[in-house]
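The values are calculated or read from the model by the stated rules, or taken from the named source; none is laboratory data. Since the model is a prediction, treat every value here as computed from it, not as a measurement. When the accessible area is computed, the model is the full protein with side chains, heavy atoms only, and any ligands, DNA or RNA have been set aside. Shrake-Rupley method; radii C 1.70, N 1.55, O 1.52, S 1.80 Å.
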Amino acid sequence: MAAIRVHGSPFSTASARVLATLYEKEVEFEFVPVDMRAGEHKKESFLSINPFGQVPGFEHGDLKLFESRAITKYVANEYAEKGTHLVCGDSKKKAIIGVWMEVEAHQFDPVSSKLTWELAVKPVYGMATDKAVVEENEAKLAKVLDVYESRLAKSKYLGCESFTLVDLHHLPNINYLMGTEIKKLFDSRPHVSAWIADITARPAWSKVLAMQKQQ
């Protein structure tokens, strides 16, 4: 079997998504750190894997992929029989999972990423938080989480009754936001809170957090 190589940073939310998937699937891989402060993600060698100069980059033999969600889908399908089943059910169940994957990408991610940048990343670099951006996106995230609360009252996980890529894709931003004032939005919704406690306690995610500590 050709070796899998993941080029990125465990602190990058997109890289963390891919790493969590590989750990869930119990697939061996080589992690290649990309020093983004030194601009390694903009060098020709990396651009040959991801022409947009963003982490992660993914190689499996002669296959080169970028965009974290496309990579996680590939891993989940390529190693369908290994580790955690991250897709489930017949065509109708897969369609529902597909809907919630789109919700994560188009409803949850844009607002949670802005909040992560303002509240978790900027302070690390000594940059000032833009309170107006926080206020605007906090209101948007609250509306998304109201939909999640309703969904999770009927289903243990967002996609179906078992943990799938849908839930996994949320982990990186949730992890950052749980260390900020935004935590109150999650805590005030009991089904969302229980879901977060469940997915953040997964051994695969713990391995990603351990990688962050080693960096």
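Quick one: order Tyr74, Tyr79, Tyr148 from most to least accessible surface, probe 1.4 Å.
Heavy-atom accessible area, descending, gives Tyr74, Tyr79, Tyr148.
How would Arg69, Arg189 rank on accessible area, largest to smallest, probe 1.4 Å?
The most accessible residue leads, giving Arg69, Arg189.
Let a ≥ b ≥ c be the square roots of the eigenvalues of the Cα gyration tensor of the stretch 1-48; is it rounded (a/c under 1.5), or, if not, prolate (a/b larger than b/c) or oblate?
Judged from the Cα gyration tensor, the stretch 1-48 comes out oblate (a/c at least 1.5, b/c at or above a/b).
Non-local amide H neighbours of Val32 (under 5 Å, H modeled in plane, Pro and chain starts lacking H): which ones?
Distant-sequence amide H within range of Val32: Val6, His7, Gly8.
For n ≥ 4 DSSP H runs only, could you compute -39500 (n - 2.57) per run for the chain, divide by its residues and tell me the 222 nm figure to the nearest 500?
-15500 deg cm²/dmol
Taking the Cα centroid of the stretch 133-161 and of the stretch 194-215, what is the distance between the two, rounded to the nearest whole Å?
Centre-to-centre (Cα) distance: 21 Å.
Tell me which label goes with the value of volume of the Cα convex hull per residue in Å³ computed from the coordinates here: (i) 123; (ii) 134; (iii) 181.
Computing volume of the Cα convex hull per residue in Å³ and matching it to (i) 123; (ii) 134; (iii) 181 gives (i).
Apply the Karplus parameterisation 6.51 cos²θ - 1.76 cosθ + 1.60, with θ equal to phi minus 60°, to every residue of the stretch 121-135 and state each ³J(HN,Hα) to the nearest whole Hz, in sequence, with x for glycine and proline.
8, 3, x, 5, 9, x, 8, 7, 6, 8, 5, 5, 5, 4, 4
With a/c under 1.5 counting as rounded, go ahead and sort the stretch 140-215 into rounded, prolate or oblate using the C-alpha gyration tensor (a ≥ b ≥ c being the square roots of the eigenvalues; past the cut-off, prolate if a/b is larger than b/c, else oblate).
oblate
Under the Karplus relation 6.51 cos²θ - 1.76 cosθ + 1.60, θ = phi - 60°, what is the ordered set of whole-Hz ³J(HN,Hα) values for the stretch 183-188, x standing for Gly and Pro?
Rounded to whole hertz, the list is 3, 4, 5, 6, 5, 7.
Quick check on my link table: of Lys73/Lys213; Lys143/Lys213; Lys73/Lys93; Lys25/Lys140; Lys64/Lys122; Lys156/Lys184, which ones sit more than 24 Å apart, alpha carbon to alpha carbon?
Result: Lys73/Lys213; Lys143/Lys213; Lys25/Lys140; Lys64/Lys122 exceed 24 Å.
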